[in-house]
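Nothing in this text is a laboratory measurement; each read-out follows from the coordinates by a stated rule. These numbers were taken from a predicted model, which means no experiment stands behind them. Neighbour counts run over all protein chains shown; Cβ positions are idealised from the backbone, glycine included.
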Amino acid sequence: MISSELVDQTCLEVDGYTEDRMMAEFDTFFKEQPSICDFITELTSESSLRIQELSLFLSYMVFKTVKMGQPSTLGTITSESIEAAYRESESWIDRINQEGDRAQVPEDPEPHLIQYVISELNQPLEDGKLLEDEEKGEVFFVLKTVISSLTRSPLGQTN
């Protein structure tokens with residue numbers, strides 16, 4: 001499990017990046033996890049640019065945090081692994097939706113990463129505006145899938 005301290009450490013490190021360093025980091029992310037990047041691009045293709053960018057950025061932050069916490073075990077995630085995580089995320093959200101107000105949110109194996117995503121979704125964007133609930137839900141679903149893909153057992157991954 002990723003600790004809240006590791007999430008905080010990642011945020012502090014990335015906050016100190018120059019624009020050039022951030023571009024280099026994104027290049028590394030795209031090269032090391034092309035299936036995840038393709039998944040995000042495809043799933044958000046009809047969304048606004050801010051949703052696409054936020055989804056990619058938060059996915060990078062999750063990738064960076066997992067990589068810092070598990071540098072020797074993080075392999076390239078396969079599209080099959082992402083599809084399995086997608087189905088898990090759908091099921092997870094369906095359970096919450098079916099139960100409505102009495103829903104007990106199923107425990108997630110990576111609560112600190114989920115909390116980080118929720119916290120970021122509730123912050124104003126660079127333009128000072130907050131995301132609409134529907135936009136938050138869309139980004140959350142993408143990130144829930146990315147988190148599951150990056151933190152599940154190494155089955156379906158290549159090193």
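Numbers below:
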read-out: Sites matching trypsin sites (Lys or Arg not before Pro) across the stretch 2-102 that sit in DSSP coil, with at most 16 neighbouring C-beta atoms within 10 Å; value: none
read-out: Dipole axis of the chain (+1 Lys, Arg; -1 Asp, Glu on Cβ), positive-most option in PHE140, SER45, SER4; value: SER4
read-out: Among the listed pairs LYS31/LYS64; LYS64/LYS144; LYS67/LYS129, those beyond 25 Å (Cα-Cα); value: LYS67/LYS129
read-out: Kirkwood-type radius of the chain, with distances r between different C-alpha atoms, in Å; value: 16.2 Å
read-out: Filtered GluC sites (Glu not before Pro), the stretch 19-119: DSSP coil and at most 12 other beta carbons within 10 Å; value: GLU46, GLU107
read-out: Charged-residue dipole, Cβ positions (Lys, Arg, Asp, Glu), the stretch 1-129 about Cα centre, Debye nearest 20; value: 100 debye
read-out: LYS31-SER3 FRET efficiency (beta carbon distance; Förster radius 22 Å; 0.05 resolution); value: 0.25
read-out: Separation in nanometres of the label points that stand 7 Å from Cα toward Cβ, at SER47 and LEU125; value: 1.0 nm
